[in-house]
Amino acid sequence: MLNAPGVHKSAYNQPEGLKRDVALAFTGPLETVSHALLLDRPRAGVQALVGRSGIDEIDTELGIEGDFTDGAPVVEPVPPPSVKPKFSPKRPLRLWIAGDSLVIEPGFAIQRAIASNRAIARTPEIVGRVASGLTRPDVFNWFDAVRAQLSSLKPHAVILAFGANDTNAYMTGLPEGVSLGSFGSAAWVREYRRRVAGILAIARRAGVHVVWLGLPITTDANQTRRFEVVNAAVAAEARERPGSVSYIDTYVLLAGPDGGYAEYLATASGGQIKVRAPDGVHLERAGGDIVAREVLEAFRETFEIRSGP
């Protein structure tokens, strides 16, 4: 009873299915009774003391444009500026890196790559939220987080990676009683593109260039096919914004010579480097370095970065 709000949120955050339905049926009334008897107040007080107020709230509000039945709103293409924005040690490029767990290793690689470049400001802590994505704002609301961080940090560019945890049919943040059908259905793709477009719209309003890391090929053929669905949706939205979004195709970048999964890739000297983690999904340090080089190339195409006189 003292922990009823937290228990109810944990139930809400479970994957769709009978187990979740039963848990919600039990914890919903439990939370109501706990609140009515003021038994949830001690937990709320402790949370306030440690700066974690609101942690039990279930937030599924996206705050983005477009109706879920119509999909992503029509976007006028943003042409690249006639003159590239200039950055130097006196006016360094501010960068923010965020996403799910697949952003962490490339993020570290990017930090290493720019460590000696005074024209790019050292990034704040990489925000890599495990098991998060755009389909489950109840688990972590990236729409709120991106909006808040862009307002606070005021970066010139952001590196984002979402989708590895978005390969299920179930989404929260939809009107009551609405179902999108199976994963990859036309309705599901429309809604997912709307959410991608929502993140990109938040960045555009903040005047921020987005570098979006696509999902890599994996050892699991079924998972790879699902990743392809997500990648296609993201790439489609990126193509509509050529002046403000750069899409990094890590699927091709990390594939082997035959186009399939590769744990090792050849080096320029003829050797082999291990680029993929044992789980067949995440990247090793060398894989992160490969992605980082593509990100810096996207920067060179978008900005004029002068690290010296």
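All of the numbers you see were taken from the coordinates with simple rules; none came from a lab. These numbers were taken from a predicted model, which means no experiment stands behind them. So basically every Cβ, Gly included, is an ideal-geometry build from the backbone, and we count neighbours across all protein chains shown.
Which residues, counting only those in the range 196-237, are of a type in the set (Gly, Ala, Ser) and over 23 Å from ALA148 (Cβ atoms)? Scanning the range 196-237 gives GLY214, ALA221, ALA232, ALA233, ALA235, ALA236. Residue count for the range 89-106, restricted to those that are in contact with a helix residue (DSSP H, G or I) (Cβ under 6 Å, 6 or more places away or on another chain) and assigned to a helix (DSSP H, G or I): 2.
Please go through the range 290-309 and give me each residue that is buried (at least 17 other Cβ atoms within 10 Å of the Cβ) and in a loop (DSSP other than H, G, I, E, B), ordered by number. Correct list: PHE303 only.
The test for being in contact with a Gly (Cβ under 8 Å, 6 or more places away or on another chain) and without any contact (Cβ under 8 Å) to a residue 60 or more places away in the chain holds for ARG129.
Applying the criterion of being touching a residue at least 60 places away in the same chain (Cβ under 8 Å) and surrounded by fewer than 17 Cβ atoms within 10 Å (Cβ to Cβ) to the residues of the range 232-243, the residue that is farthest from ALA157 (Cα to Cα) is PRO242. Considering the conditions (1) surrounded by 20 or more Cβ atoms within 10 Å (Cβ to Cβ); (2) part of a helix (DSSP H, G or I); (3) among the β-branched types (Val, Ile, Thr), VAL229 is excluded by exactly one of them, (1). Considering the range 244-258, the residues that are touching a helix residue (DSSP H, G or I) at 6+ places or on another chain (Cβ under 9 Å) and not in a strand (DSSP E or B) include one that is surrounded by the fewest Cβ atoms within 10 Å (Cβ to Cβ), namely ASP249.
Could you list all residues from the range 264-289 that are part of a helix (DSSP H, G or I) and either of a type in the set (D, E, K, R) or surrounded by fewer than 19 Cβ atoms within 10 Å (Cβ to Cβ) (or both)? Spell out how you get there, then give the answer.
Step one: of the range 264-289, the residues part of a helix (DSSP H, G or I) are 285-289.
Selection gives ARG285, ALA286, ASP289.
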